[in-house]
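A quick write-up on the structure given underneath.
The values are calculated or read from the model by the stated rules, or taken from the named source; none is laboratory data. Keep in mind that this is a model prediction, so the values were computed, not measured. Cβ sites come from the backbone with ideal geometry, for glycine too, and all protein chains shown count toward neighbours. The area values use the complete protein model at the heavy-atom level, side chains included, leaving out ligands, DNA and RNA. Shrake-Rupley method; radii C 1.70, N 1.55, O 1.52, S 1.80 Å.
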Amino acid sequence: MAELKSDSITAPHTAPLTIRAARQAITNGETSAVALADSYYATIAAEDPKIHAWLALSRERAAAQAHRIDDLARSGELASQGETLPLAGVPIGIKDVLVMQGAPATAGSKILEGYRPPYDATAVARLAAAGAVLLGKLNCDEFAMGSSNENSAYGPVHNPRALDRVPGGSSGGSAAAVAANMAVATLGTDTGGSIRQPASFCGVVGLLPTYGRVSRYGLIAFASSLDRVGPFTHTVEDAAILLGVLAGPDPMDATSAQQPVPDYAAALEAPVKGLRIGVPDEYFAEGLDAEIRAAVEKTADALRAAGCTLHKVSLPHTLYAVATYYVLATAEASSNLARFDGVRYGLRADEATSLSSMYRKTRDQGFGKEVKRRILLGTYVLSAGYYDAYYRKAQQVRALLTRDFLDAFSHVDAILTPTTPSRAFRLGEKTDDPLAMYLADIYTVTANLAGICGISVPCGNSAEGLPIGAQILGKHFDEATILRLAHAVEQSQR
Ligand code: GLN
């Protein structure tokens, strides 16, 4: 790793391109989709050697799509297709746990080296059908297991705002690419915080949709009852636009929900006046960084000034959330990762003498340390004799955690918390202490366990210039309300 100094904190980019601006510039002929994609690839060439957000670029696919959009723009058809092509020519990057035709898919793991998926994940296909230009695949923790991107088999990502610090994880590449203007927006996934936490560390917007809101088809599974797909963007409006494209039922994912998809971008117009905001004591307890506390309290004041009312709420089982999450997530992972056997995908160890030694050697060489730790943990909590004590108990606590939220939401419309207890830490700072890394997920894992939606929106900077995120949690399928509130927070920052 190149030597980096701690004074490398840089100012946030001032005027990043939004979806609306990119699309308009292409429709009006001020730029072309090809020129725009080229300029993003040029930024990647210039910036990524120090950030390492990208694992693969899909130049051919991007060029084909950009030319198609430019043909539509030249013929005047694009102007009339605002509804069907809301992302026409918009350069977007994809976390490498989602499959995409025309690009490798590694999930940040050696075990998938050489695997080229023959199809698009539904989320990827929907972006492409909406006209997006897909730039390539983004670095992440191996199989999305981690909070710092240091568990990628392909090397860590550096936080664009402070190169000696982590971007967060597991979707570190997705957050960093947006923060460094290497994409207008990106897709990430969030099983226990992997969209919201890196968004807060990198100073961008990260949205966790309700479980079932966005199809998981084509997502390389970590923990299927917790995994979600969602966007990273510069603005809340962009998150609303992307959710509109991504959301909706999918016959390929039986857990995708039938609920109608509202016009999320239009919902931003509604005032937040009169909304009731819950503030849970449990999320402002010991261990919370003082500057983060102050920034989130200021956010609460801003929402009050915009006409919201603030209410104390209690989420009494919060204390058990991290333990519950790490039992259930590892149990599901141990089952999901059984498919990587050297036969069906990617890597195969070649010096094996029998089928079972081929399985063993492939999995030994292909999986990294954290993934092995989780497979072992997950297998343990599911094994006869321990199942009742750990897995079943964790399922019961999950039900209690969900009930905490349902009780709170019976008298508030949304809940405001910090996204993380601390700011972006230094590369290497927590790698020797997996438990400390797990404990830092305290504010994010609860939403995954309860199935509710959440968003992290930038709400200030620390004295040393590191971004701070406020988290707004919402009722099942009520993304419109948290987007509205996050929009109000964003306005208050200007
Ligand atoms: N940091 C959490 C973990 O390591 C969450 C990861 C995620 O959301 N994919 O499991």
Query raised in the report: Rounded to the nearest 20 Debye, what is the dipole magnitude of region 49-93 about its Cα centre when Lys and Arg each give +1 and Asp and Glu each give -1 at the C-beta?
Result: 280
Query - C-alpha center-to-center spacing [region 62-134, region 417-457] in angstrom - result: 30
**Report entry** Estimated inter-spin distance, Asp433 and Ala46, nm [label 7 Å along Cα→Cβ]
**Finding:** 3.9
Query - Surface/4 of the Cα convex hull for region 99-141, nm² - result: 3.1
Query - From phi via Karplus (6.51, -1.76, 1.60), per-residue ³J(HN,Hα) for region 89-97 in Hz, x at Gly/Pro - result: x, 7, x, 10, x, 10, 4, 6, 9
Query - Percent accessible area from carbon and sulfur atoms, the chain, protein chains only, probe 1.4 Å - result: 54
Query - Spin-label model distance (nm) - Gln24 vs Arg116, 7 Å beyond Cα toward Cβ - result: 4.0
Requested in this report: List every residue whose amide H lies under 5 Å from the amide H of Leu55, counting only residues 5 or more places away in sequence or on a different chain, with H placed 1.01 Å from N in the peptide plane.
Outcome: Lys137, Leu138, Asn139
Report summary line: Here the net charge surrounding Tyr320, from other residues whose Cβ is less than 12 Å away from its Cβ (Lys, Arg +1; Asp, Glu -1), is 0
Query raised in the report: What is the ratio of the Cα radius of gyration of region 63-113 to 2.2 N^0.38 Å, where N is its residue count, to two decimals?
Result: 1.57
Query raised in the report: What nm distance separates the two modelled labels at Tyr386 and Gln493, each placed 7 Å from Cα along Cα→Cβ?
Result: 4.2
Query raised in the report: Seen from all sides and averaged, what is the projected area of the convex hull of the Cα atoms in the chain, in nm²?
Result: 22.4
Requested in this report: State the Cα centre-to-centre distance between region 298-328 and region 221-266 in whole Å.
Outcome: 23
Query raised in the report: Restricting attention to region 361-459, which chymotrypsin sites (Phe, Trp or Tyr not before Pro) occupy a DSSP loop and are surrounded by at most 16 other Cβ atoms within 10 Å?
Result: Tyr386
Report summary line: Computed, not fitted: 222 nm per-residue ellipticity of the chain from DSSP H runs ≥ 4 (each -39500 (n - 2.57)), nearest 500, equal to -11500 deg cm²/dmol
Query raised in the report: Of Lys110/Lys137; Lys137/Lys369; Lys110/Lys361; Lys50/Lys95; Lys110/Lys369, which sit over 21 Å apart, Cα to Cα?
Result: Lys137/Lys369
Report summary line: Taking 0.36 nm per residue of separation between Glu297 and Lys273 and subtracting their Cα-Cα distance, the length gained on full extension comes to 6.8 nm
**Report entry** Qualifying lysines (Cα of each under 26 Å from Cα of Lys393; at least 8 residues distant if same chain)
**Finding:** Lys372, Lys475
Report summary line: So, over other residues within a Cβ distance under 15 Å of Ala305, counting Lys, Arg +1 and Asp, Glu -1, the net charge is +1
Query raised in the report: Tell me, what is the per residue accessible area of the chain in Å², probe radius 1.4 Å?
Result: 38
